[in-house]
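Q: Quick one: this structure, given as structure tokens, is what I'll be asking you about.
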Amino acid sequence: MKEKGYDADYAVNVTVTSSVAGVVIPPSHNMILYTVAAGGGISVTQLFIAGIVPGILMCLALAVAAYVVAVKRGYAGEEFPGWHALIISFAAALPGLLTAVIIVGGVLSGILTVTESGAFGAIYAIVVTGLVYRELRWESFKQAVYQSVRTTSLVMILVGCASAFSYLLALYSVPELLSEALLAISDNPYVILLMLNLLLLGLGMIMDMAALILICTPIFLPVATQFGMDPIQFGIILMINLGLGLCTPPVGSCLFVGSVIGKIKIEQAVRTIWPFYLALFAVLMLVTYVPAVSLMLPSFFE
């Protein structure tokens, strides 16, 4: 984008905020973590389906924000390369894109479980990378396996600790105490949902996403369901909140990485990210207060 004449902060903000949509668009490993943290009573398939519409809305909202900022800054538009070039590019990318189709399609069709579809997707990705794109190298493959084992081991440790943590929360009635504390502030469900969102946003700014999913789910899910929210809807809300935290200081890991790659100061990115942030926050409010946004599609696949 910088080579095309876009400012570095614009390129960083578009890239960083667009990555937030990835936490709700299937297949998302964070959704699987959420079902584990919720005690396994939530269908991963239903959660995957529920993330499709919010994910599309997030992409559309970010596209509008990017267009408005681009017009305001006077960026020149790109000429349409032609249908031939578009078809050639799509054909080149198609083998890689089919990885997501295999994973999501296998789960939604009921042919494969989540674990099986993930395994098939991994095998297919290895074959395509090696035989189609011819970019698979033994050293990079070993490094990928090592990183996968390391990440999986870390997640399993977190899951084990979260199970013990959930037991202690239930033992000491922490969700009930939190509900009483929120009701002491207001008994309006709309206000309480707003407070939950702000609290989750605040936590997402200072902690890692995977750890927060495992910690926050057993605390806030009972509170949300007590006020009539569907667990699937809450899962999508949790994902968006924590995704926003990834591009918000002081931690904001995605924002920091994007700033380093874009070679700009973090302060410069933060000063100009607010239109994109507001676009995502608007979708968050829509998902929060209009349950059909996240629950309409799952109801068709029941």
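Laboratory data are not the source of any read-out in this text; all were calculated from the coordinates shown. Bear in mind the structure is a predicted one, so any value in this text is a computation, not a measurement. For neighbour counting, all protein chains shown are included, and Cβ atoms are generated from backbone atoms with ideal geometry for every residue, glycine included.
Q: Go through segment 209-232 and give me each residue that's closer than 20 Å to residue 251 by Cβ, buried (at least 21 other Cβ atoms within 10 Å of the Cβ) and β-branched (Val, Ile, Thr).
A: Residues satisfying the conditions are 213, 217.
Q: Residues of segment 1-16 being out of contact with any Gly (no Cβ under 9 Å at 6 or more places or on another chain) and either more than 29 Å from residue 79 (Cβ to Cβ) or of a type in the set (Ser, Thr, Tyr) (or both), which ones?
A: 6, 10 - these are the residues of segment 1-16 that are out of contact with any Gly (no Cβ under 9 Å at 6 or more places or on another chain) and either more than 29 Å from residue 79 (Cβ to Cβ) or of a type in the set (Ser, Thr, Tyr) (or both).
Q: Next question. For segment 63-99, which positions are in contact with a Gly (Cβ under 8 Å, 6 or more places away or on another chain), surrounded by 14 or more Cβ atoms within 10 Å (Cβ to Cβ) and not polar (S, T, N, Q)?
A: Step one: list which residues in segment 63-99 are in contact with a Gly (Cβ under 8 Å, 6 or more places away or on another chain), which gives 75-76, 99.
Those still in the list that are surrounded by 14 or more Cβ atoms within 10 Å (Cβ to Cβ) too: 75, 99.
Correct list: 75 only.
Q: Among the residues of segment 88-143, which ones are among the charged types (D, E, K, R) and either within 23 Å of the chain's Cα centre (by Cα) or in a helix (DSSP H, G or I) (or both)?
A: Of all residues in segment 88-143, those among the charged types (D, E, K, R) come to 116, 134-135, 137, 139, 142.
Within segment 88-143, 116, 139, 142 qualify.
Q: Hey, any hits in segment 216-226 for a residue that's more than 17 Å from the chain's Cα centre (by Cα) and at positive phi? Spell out the reasoning first.
A: Filtering segment 216-226 down to residues more than 17 Å from the chain's Cα centre (by Cα) leaves 218-226.
Narrowing the set further to residues that are at positive phi leaves none.
Within segment 216-226, none of the residues are more than 17 Å from the chain's Cα centre (by Cα) and at positive phi.
Q: Quick one: would you say residue 192 is at negative phi and within 20 Å of the chain's Cα centre (by Cα)?
A: Numbers: at negative phi: yes; within 20 Å of the chain's Cα centre (by Cα): no.
When the stated conditions are applied, residue 192 does not pass them.
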